[in-house]
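Okay, structure first, notes after.
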Amino acid sequence: MGTKRVRRGPRNLAAGPLKPHVDSFVLTLRAAGRSERTATMYSEAVRWFAAEHLLAGGRPSDIDRRYDTAADSSADMVTFEPVRDWELVARVHIRSWLVRLRRRGHKDSYLNNQFRCLQQFFKWLAEEEIPNPMRKLKPATVVPEPVPVFEKDATKRILEMPGSRGARGKACRVRDTAIIMLLRDTGMRRQELAGLTVDDVSVSDRRALVTGKGGKRRFVKFTFETAKALDRYLRQRAKHSHAHLPHLWLSQKGGALSASGNYQMVRRRAERAGVEGAYLHRYRHDFSHRYLDNGGSEGELMELNGWDSRQMLRRYGRSAAASRAQRSYDRIMCGVA
């Protein structure tokens with residue numbers, strides 16, 4: 001069964017007097033060629049820490065009072081005088097922020113991500129003008145666990161859900177089916193999916209050229225079934241009023257369908273089908289699991305997913321390893337083929 005992603009209310013990003021340094025940090029990231037998504041992730045993590053913790057003096061918000069998982073809610077939270085200058089930030093401020101997030105129920109992997117965003121900011125800030133308060137601080141230990149994958153028939157249930165009626169509804173269903181099947185077969189990232197152009201996809205060769213992180217390009221393959229779905233969509237797309245645009249996925253209102261639009265579409269269809277946790281990245285988890293579980297090699301998966309490090313392979317391969325071990329147990333201990 002799918003697990004729900006932890007969401008703990010809207011994030012306060014109004015960093016006030018602390019914002020100019022964040023803007024300078026983002027400028028540095030962009031100048032270094034980091035992706036807009038990476039720059040946004042770092043920026044929001046730092047602004048959230050500044051607005052919700054530093055400027056508030058560590059005092060609990062409504063979100064803390066609602067989601068704090070400790071028995072005595074907010075009783076032992078560290079509070080301090082509001083901090084309006086980055087030079088005054090100390091380790092206690094960072095540690096108490098991470099404790100605060102943990103008490104809201106966020107996982108170690110999420111804390112680790114927030115830590116590393118702040119770590120990069122303070123490293124930059126130390127090079128610019130002030131001592132680094134995060135020097136020698138260590139992130140939360142992430143306990144390895146299998147990545148979440150779909151139940152066996154989850155994608156089938158999503159695809160079988162009826163859509164809106166009429167010509168527009170039918171057009172949306174054809175496009176959405178092609179998107180979901182391509183995600184299922186390739187596990188491509190949502191930005192890679194949204195960035196596809198018509199010229200990037202070859203139905204006859206059953207492959208697509210995607211642009212991944214850092215502008216790296218690679219080919220991914222898809223099945224005959226998905227090739228048919230894409231061919232059906234391309235025939236329909238040729239009749240679209242914006243068919244001249246290079247983008248592969250077009251919205252019914254005109255223009256390219258964004259990564260957010262893809263996410264919202266999959267989420268709506270999954271909710272109607274009763275499938276929990278159908279965010280786009282889960283298709284990446286699921287593809288990686290099925291590829292290894294069906295006998296694919298680790299080196300091939302690294303190439304298909306655009307990974308340079310085996311760290312991601314170890315994380316994504318844990319579910320498949322567990323599945324293979326359980327099958328081996330049945331074969332060895334129970335005589336089940």
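Every number in this text was worked out from the coordinates using simple rules, so none of it is lab data. Because the structure is predicted, anything quoted here is derived from the model rather than measured. Heads up, the Cβs are rebuilt from the backbone with ideal geometry, glycines too, and the neighbour counts pull from every protein chain shown.
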Tell me, CYS117, CYS172 in order of fewest to most beta-carbon neighbours within 10 Å? CYS172, CYS117
Enumerate the lysines that LYS228 could reach by cross-link, defined here as Cα to Cα under 28 Å, with residues fewer than 8 away along the same chain left out. LYS152, LYS156, LYS170, LYS216, LYS239, LYS253
Computed label-point distance, nm, for sites SER202 and GLU87 using a 7 Å Cα→Cβ extension: 6.0 nm
State the label only: which of (1) 39, 26, 21; (2) 31, 26, 17; (3) 31, 28, 20 corresponds to semi-axes √(5λ) of the Cα gyration tensor in Å computed from the shown model? (1)
Most mobile of ASP62, ASP199, ASP23 in a GNM of the chain (Cα contacts under 10 Å): ASP62
In order over segment 102-108: 3J(HN,Hα) from phi, Karplus 6.51/-1.76/1.60, θ = phi - 60°, whole Hz, x for each Gly or Pro, gives 5, 5, 7, x, 6, 6, 4
Checking the a/c ratio against 1.5 first, then a/b against b/c, what shape does the Cα gyration tensor give for segment 16-128? prolate
In nm, spacing of pseudo-spin labels at PHE224 and ALA243 (7 Å Cα→C-beta vector): 2.8 nm
What 222 nm value per residue comes from the helices of the chain, counting each DSSP H run with n ≥ 4 as -39,500 (n - 2.57) and dividing by all residues, nearest 500 deg cm²/dmol? -16500 deg cm²/dmol
Under 5 Å from the placed amide H of TRP249, counting only residues 5+ away or on other chains, we find LEU257
Computed magnitude of the charge dipole of segment 154-306 (debye, nearest 20; Cβ of K, R +1, Cβ of D, E -1): 720 debye
Pick from GLN311, GLN252, GLN114: which is most flexible by mean-square fluctuation in a GNM of the chain where alpha carbon atoms under 10 Å apart are linked? GLN311
For the chain, size of Cβ-based charge dipole, Lys and Arg +1, Asp and Glu -1, in debye: 960 debye
Say the dipole of the chain comes from +1 at the beta carbon of Lys and Arg and -1 at that of Asp and Glu; which of GLY187, GLY299, GLY215 then lies farthest toward its positive end? GLY187
Can you list residues from other chains, or at least 5 along the same chain, whose modelled amide H is less than 5 Å from the amide H of GLU276? GLY2
Return the sequence-ordered ³J(HN,Hα) values of segment 149-157 in whole Hz as given by the Karplus equation 6.51 cos²θ - 1.76 cosθ + 1.60 applied to θ = phi - 60°, using x for Gly and Pro. 10, 7, 4, 4, 9, 4, 5, 4, 5
From phi via Karplus (6.51, -1.76, 1.60), per-residue ³J(HN,Hα) for segment 88-100 in Hz, x at Gly/Pro: 8, 6, 10, 4, 4, 5, 6, 4, 5, 5, 5, 5, 4
Linear extension gain, ARG267 paired with ASN112, 0.36 nm per residue minus alpha-carbon span: 53.2 nm
Could you give the nm distance between label points at SER297 and ARG310, where each point is 7 Å from its Cα heading toward the beta carbon? 1.4 nm
Work out the charge dipole of segment 16-128 with +1 on the Cβ of Lys and Arg and -1 on the Cβ of Asp and Glu about the Cα centre, then indicate which of LEU54, GLN119, LEU18 is farthest towards its positive end. GLN119
